[in-house]
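Report on the structure given below.
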Amino acid sequence: MSLYASTFVSPPTTAASPGSSSSAFIGARQPLSAYAVTAPPPSPATLRRCEVAAKALTRRENRAARHERIRKKVEGTPERPRMSVFRSNKHLYVQVIDDTKMHTLASASTMQKPVSEGLDYSSGPTIEVAKKVGEAIAKACLEKGVTKVAFDRGGYPYHGRVEALASAAREQGLEL
């Protein structure tokens with residue numbers, strides 16, 4: 001910053017008598033010391049008190065934020081609907097959705113009889129159960145004539161059950 005104020009700032013008014021010639025005209029450069037300072041700079045103690053701590057988010061809130069970021073990029077169309085995955089502690093759910101019509105084309109979950117028969121997953125769905133769900137959703141999609149889908153992992157990491165579901169759907173002929 002220069003020693004002189006900008007020409008756009010009006011100089012302080014002086015108590016000059018009318019008619020006398022004054023050097024303080026609009027646009028004149030005045031030293032910065034001629035202008036009043038409104039507030040002193042904050043002290044270091046004040047700055048330390050104003051620190052804002054980051055809010056601790058839960059795992060569910062972090063997953064929801066990741067899911068929102070993914071949903072900005074992945075959209076289901078009639079030609080390539082979105083395959084959405086939801087993972088709970090007890091079950092695994094998959095839907096194939098056309099977002100333009102807001103219509104679910106196919107779905108599969110561990111709550112359906114064909115998937116849950118013959119499998120014991122009392123402690124929650126395992127990778128084997130996820131493979132069965134992936135096969136079931138692929139068969140349901142192929143019956144409806146859907147061969148290509150956009151994979152929406154729902155904010156979950158592409159690992160474990162989510163990866164097993166996607167690979168089983170690919171093996172059955174669904175293009176992700």
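Each reported figure results from applying straightforward, stated rules to the coordinates on display, with no laboratory input. Everything numeric in this text was worked out from a predicted model, so none of it was measured. A quick note on method: Cβ atoms are made from the backbone with ideal geometry, for glycine too, and the neighbour counts reach across all protein chains shown.
Calculated FRET efficiency, Ile70 and Glu143, Cβ-Cβ r, R0 22 Å, to nearest 0.05? E between Ile70 and Glu143, to the nearest 0.05, is 0.20. With the simple model of a label 7 Å out from the Cα in the direction of the Cβ, Lys90 to Thr126 spans 2.0 nm. With the simple spin-label model, which puts each label point 7 Å out from Cα in the Cβ direction, the Ala54 to His103 separation comes to 4.4 nm. Legend: calculated FRET efficiency, Asn62 to Glu163, from the Cβ-Cβ distance at R0 = 22 Å, rounded to 0.05, equals 0.70.
Over all directions, the projected convex hull of the C-alpha atoms in segment 76-171 averages 5.7 nm² in area. Once the Cβ-Cβ distance of Thr77 and Arg170 is raised to the sixth power relative to R0 = 25 Å, the FRET efficiency obtained is 0.80. Pairs of lysine in segment 76-171 with Cα under 25 Å and at least 8 positions apart or on different chains: total? Lysine pairs, 8 or more places apart or on different chains, close enough: 17.
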